[in-house]
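One structure is given below, encoded as structure tokens.
The values are calculated or read from the model by the stated rules, or taken from the named source; none is laboratory data. Just so we're clear, the structure is a prediction, and the values are computed from it rather than from any experiment. Cβ placement follows ideal geometry from the backbone for every residue including glycine, while neighbour counts extend to all protein chains displayed. Calculation scope for accessible area: heavy atoms of the full protein, side chains included, ligands and nucleic acids excluded. Shrake-Rupley method; radii C 1.70, N 1.55, O 1.52, S 1.80 Å.
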Amino acid sequence: LTGVLDDCLCDIESIDDFNTFKIFPKIQKLQERDYFRYYKVNLKRPCPFWADDGHCSIKDCHVEPCPESKIPVGIKAGSSNKYSKAANNSKELEDCEQANKLGAVNSTLSNQSREAFIDWARYDDSQDHFCELDDERSPDAQYVDLLLNPERYTGYKGPSAWRVWNSIYEENCFKPRSVYRPLNPLAPSRGGLGSVCLFSWTGLCLEKRVFYKLISGLHASINLHLCANYLLEETWGKPRWGPNVKEFTRRFDPAETKGEGPRRLKNLYFLYLIELRALSKVAPYFERAVVDLYTGNGHEDAESKALLLDIFRDTKSFHMHFDEKSMFAGDKKGAKSLKEEFRLHFKNISRIMDCVGCDKCRLWGKLQTQGLGTALKILFSEKEIQSLPENSPSKGFQLTRQEIVALVNAFGR
């Protein structure tokens with residue numbers, strides 16, 4: 001891929017250089033830290049749109065959570081549990097990590113700010129959310145170690161997987177008028193899972209083009225991860241994972257996709273730009289002393305925050321950011337209506353992730369969708385972020401630990 005991306009003044013080569021030499025090494029280190037490696041998720045929520053057609057029985061679809069009995073009271077979700085450093089340092093956590101190489105950390109803020117935050121933790125700010133958030137207090141919500149449950153091709157495919165993406169594109173996505181996507185794997189076409197006719201953006205405003213490209217970029221991102229970490233062979237119970245060039249070609253080569261493959265990859269770069277912009281915008285939220293990436297290990301917490309702030313400095317130095325101010329800039333009533341339509345479409349897509357039949361695919365689908373939803377929430381909350389008080393919590397803008405972990409890991413993917 002080369003050249004300038006549509007709808008922004010940025011070229012692919014500049015993004016590649018910036019990411020390879022500045023961002024990627026640091027974001028990789030950050031993802032390995034305890035605060036960002038443990039994600040609380042409910043993988044048992046029923047599909048809200050159609051009858052559940054059964055879960056994937058392939059062993060590689062399985063997600064290994066940390067047993068609830070091993071998680072110290074101090075890090076369990078919900079304000080009813082007292083937050084304390086003693087709980088984080090308990091022997092139970094050590095047992096969990098030694099026995100299962102798994103663990104759980106739950107922290108949003110330093111200890112002294114905990115009580116203040118409890119007061120408004122129940123405050124319903126769903127109007128700002130672009131995602132359907134899992135209830136962390138649900139008995140079905142469990143901590144997952146993302147490093148021990150990597151995103152990769154599990155063998156989950158066919159009509160069940162097709163129905164998820166088809167529902168996203170056909171029912172919940174603004175799309176170019178002339179696009180036709182026979183996503184059904186049984187459809188007779190050389191391009192298989194994603195054949196499309198030529199694009200025509202006629203009559204599609206910037207906001208709807210952006211929405212389509214974000215979903216397409218997310219789809220491309222997930223497909224790339226599956227191609228890059230594919231089950232190549234399994235002999236004597238020992239799986240070998242690695243890049244599958246043939247599968248990559250099938251999904252992205254111009255000849256295999258009627259010229260559509262490179263556009264999908266360009267949409268991935270566009271997705272990167274949007275999430276990069278969100279990181280640069282949310283920096284003031286984390287720069288405040290009142291926000292701590294708290295795990296109970298003071299030395300690691302300080303290092304994690306320093307690394308995160310270093311990444312923020314890099315994101316601010318990028319000189320070809322997407323300008324989100326060009327969105328929703330028409331008459332106030334029309335812009336507000338369009339923004340709400342945008343938010344509800346995306347929220348619906350986040351709910352569709354509960355229809356994914358493979359637990360590992362569901363985990364990473366939910367995480368990356370929530371990460372993008374958090375990025376959108378940030379981009380549309382600039383005034384609230386700029387007016388945050390330095391030394392106290394604010395009801396104007398807040399991020400849960402779930403959202404923070406999703407934002408960093410989705411950008412990392």
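A few comments on the model shown:
- Restricting Glu390, Glu384 to residues that are in contact (Cβ under 8 Å) with a residue 60 or more places away in the chain and open to solvent by 40 Å² or more (accessible area, probe 1.4 Å) narrows the list to Glu390.
- Criterion violated by Leu218 - all others in (1) more than 20 Å from the chain's Cα centre (by Cα); (2) open to solvent by less than 10 Å² (accessible area, probe 1.4 Å) satisfied: (1)
- In segment 153-170, the residues that are more than 19 Å from Phe346 (Cα to Cα) reach residues that are open to solvent by 10 Å² or more (accessible area, probe 1.4 Å) and at pLDDT 80 or above with C-beta atoms within less than 7 angstrom, at least six apart or across chains, in these pairs: Tyr153/Leu226; Tyr153/Asn229; Tyr153/Tyr230; Tyr153/Leu231; Thr154/Lys360; Thr154/Cys361; Gly155/Leu231; Tyr156/Cys361.
- Selection over segment 6-20 of residues that are part of a helix (DSSP H, G or I) and under 14 Å from Leu276 (Cβ atoms) gives a count of 8.
- Given (1) under 12 Å from the mean Cα position of the chain (by Cα); (2) crowded, with 22+ Cβ neighbours inside 10 Å, number of the condition Cys358 does not satisfy: (1)
- Scanning segment 244-288 for residues that are open to solvent by less than 40 Å² (accessible area, probe 1.4 Å), outside any helix (DSSP H, G or I) and either charged (D, E, K, R) or in contact with a Lys or Arg (Cβ under 6 Å, 6 or more places away or on another chain) (or both) yields a count of 2.
- Residue check, Glu275 closer than 26 Å to Lys316 by Cα, at pLDDT 75 or above and out of contact with any Pro (no Cβ under 8 Å at 6 or more places or on another chain): yes
- Selection status of Ser326, exposed (fewer than 15 other Cβ atoms within 10 Å of the Cβ), under 23 Å from Gly3 (Cα atoms), at pLDDT below 95 and polar (S, T, N, Q): yes
- Residue within segment 292-303 that is farther than 24 Å from Gln402 by Cα and open to solvent by less than 20 Å² (accessible area, probe 1.4 Å) present: no
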